[in-house]
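Enquirer: Here it is, the structure in full.
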Amino acid sequence: MKQTKFLLLILLLLLLLPHKIVAQDSTIILDGRKYVFENNQWFAEDNNGEKFKLAPESFTVKLKPNVPMIALENVCNARGIEIERVNRLGFIDLKLPANACFHTAYTSFLNLGLFESIDVNTYAKLHIEPNDPGAWNQYYLFDWLGNGYPHANVRDAWDTETGSTNPVIVAVIDVGVDFNNQDLINNELGWDYVDVDNDPNPRDNDNHGTIMSGIIAAKTNNDTAVAGIAGGWGDNYGTVIMALRVGIQEYDGFIIDKIDDAIIFAVNNGAKVINMSFGNIITNQAMEVAIVYAYNQGCFLVASVGNTGQPVTFPASHPLVVAVSGILKDWTHYGNKGEEIDVIQHRQKIFTRS
């Protein structure tokens, strides 16, 4: 009698595991899990709507305590299903044949009631972490140690995008950029409005523009210095910095009448982002017109609001410019305040000259 029941069970398994089915529906629900068919492949969707690529031939199951392993072995042998691994906790990795349909097989397993658990496996998304030695001190990019510090959570962005074959040009209007630094991509983009030439290198003690460029585009995962937010990864190119030197780092060093020319230069030479880490200057009509020109040409303009504790300063106060303020480790405010502030970043120097 027991042998007869066992043979009937085997037959039932065989009947419920068809060889092939062509998926036509774009969305199916299996045991409460949503699966979506897009671009000729299946994805499992989590409760937040994030999709993970399915490995439709890979199942992990666990038999109920009263079900003998031989039952699964016989079915697998008959249908070309490979038992890849059995771990000490009772979980069994199965590999279905290439022509099998995962959702039909899943439903078949589920209806048999033989398993404590059935999982169709997905491809995990790699959480990319850079090997730059200074990255672990850059908690404002990602709170690596879980201290509760404010951070931009850039690792999520790196999981999605780590570079481009057609990188964006970011114009840094500042005191110059040291492109001899080994952690910055060498390029010839830019202009020096102080010395009036095409070599916008800073004076020896003027490191502000290099620091800003490093935050934006220091090479990432190159086992050197720090990780730039958009520095590229491996063979992927990162952001290209356009250095526009408009002054020196001493007080009153910025030459206001040249900033509008620098903005126009940036736009006309392909920059899509313009960074301006200066302020505390009165509204300047030439700069305002240049800002409107850049915005109308599709440029994204960013400016610091100042660190004096006063209201937001120009050019950050301009409605077409994103105003960036500061915050400290304990989440207290640092710098100027006002309703015009759009973004808050942590204040810390993370990039120095080589």
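Bear in mind that the values in this text are calculations on the coordinates, not laboratory data. Predicted model, so just to flag it, every value in this text is computed and none were measured. Neighbour counts run over all protein chains shown; Cβ positions are idealised from the backbone, glycine included.
Enquirer: Taking Rh as the Kirkwood radius computed over C-alpha pairs, what is the Stokes-Einstein D of segment 206-252 at 20 °C in a medium of viscosity 1.002 mPa s, expressed in µm² per second? Write out the running numbers ahead of the final one.
Expert: Working: Rh = 11.6 Å.
Once the numbers are plugged in, D ends up at 185 µm²/s.
Enquirer: Would you pull out the residues with amide H under 5 Å of residue 63's amide H, same chain only if 5 or more places away, H placed 1.01 Å from N?
Expert: When sequence neighbours closer than 5 places are left aside, the close amide H contacts are 116.
Enquirer: What are the ³J(HN,Hα) couplings of segment 193-202, residue after residue, when phi is run through the Karplus curve with 6.51, -1.76, 1.60 and θ = phi - 60°? Round to Hz, x for glycine and proline.
Expert: 3J(HN,Hα) across segment 193-202, in whole Hz: 7, 8, 8, 6, 7, 9, 10, x, 6, x.
Enquirer: Work the Kirkwood hydrodynamic radius out for segment 30-140: mean of 1/r over every pair of different alpha-carbon atoms, inverted, in Å.
Expert: Working: mean 1/r = 0.0620 Å⁻¹.
It is 16.1 Å.
Enquirer: Around residue 199, which amide H atoms from residues at least 5 apart in sequence, or from another chain, sit under 5 Å from its own amide H, with H modelled in the peptide plane?
Expert: Sorted by chain and number, the residues that satisfy this are 192.
Enquirer: Continuing with the same structure: With viscosity set to 0.692 mPa s and temperature to 37 °C, compute the Stokes-Einstein D of segment 150-222, Rh being the Kirkwood radius across alpha carbon pairs; µm²/s, no decimals. Numbers along the way, then the final one.
Expert: Details: Rh = 13.8 Å.
In µm²/s, the coefficient rounds to 238.
Enquirer: Express the Stokes-Einstein translational diffusion coefficient of segment 126-182 in µm² s⁻¹, to the nearest whole number, given a Kirkwood radius over alpha-carbon pairs, 25 °C and a viscosity of 0.890 mPa s.
Expert: D = 178 µm²/s.
Enquirer: Check which residues have an amide H placed less than 5 Å from residue 171's amide H, if you skip close sequence neighbours.
Expert: The answer is 242, 272, 273, 274, 275.
Enquirer: Over the alpha-carbon set of segment 205-326, divide Rg by the Kirkwood Rh and report the Rg/Rh ratio to two decimals.
Expert: Details: Rg = 15.0 Å, Rh = 15.3 Å.
Rg/Rh for segment 205-326 comes to 0.98.
Enquirer: Please grab the % of Cα pairs in segment 141-275 that end up more than 17 Å from each other. Don't skip to the answer; put the middle values down first.
Expert: Working: 5329 of 9045 pairs.
Of all Cα-Cα distances in segment 141-275, 59 percent exceed 17 Å.
Enquirer: Using the Karplus equation 6.51 cos²θ - 1.76 cosθ + 1.60 (θ = phi - 60°), what ³J(HN,Hα) coupling, rounded to whole Hz, does each residue of segment 263-279 give in order, writing x for Gly and Pro?
Expert: 4, 5, 4, 4, 4, 6, 10, x, 5, 10, 10, 10, 9, 10, 9, 8, x
Enquirer: So for the pair residue 198, residue 86, with labels modelled 7 Å out along Cα→Cβ, what separation do we get in nm?
Expert: It is 7.2 nm.
Enquirer: Whole-Hz ³J(HN,Hα) for each residue in segment 45-58, computed from phi via Karplus 6.51 cos²θ - 1.76 cosθ + 1.60 with θ = phi - 60°, x for glycine and proline: what do you get?
Expert: 10, 8, 5, 8, x, 7, 9, 10, 4, 7, 9, x, 8, 10
Enquirer: Oh, and also: For segment 102-200, what ratio Rg/Rh do Cα atoms give with a Kirkwood hydrodynamic radius? It would help to have the intermediate numbers written out before the result.
Expert: Working: Rg = 24.2 Å, Rh = 19.0 Å.
Using only Cα positions, Rg/Rh for segment 102-200 is 1.27.
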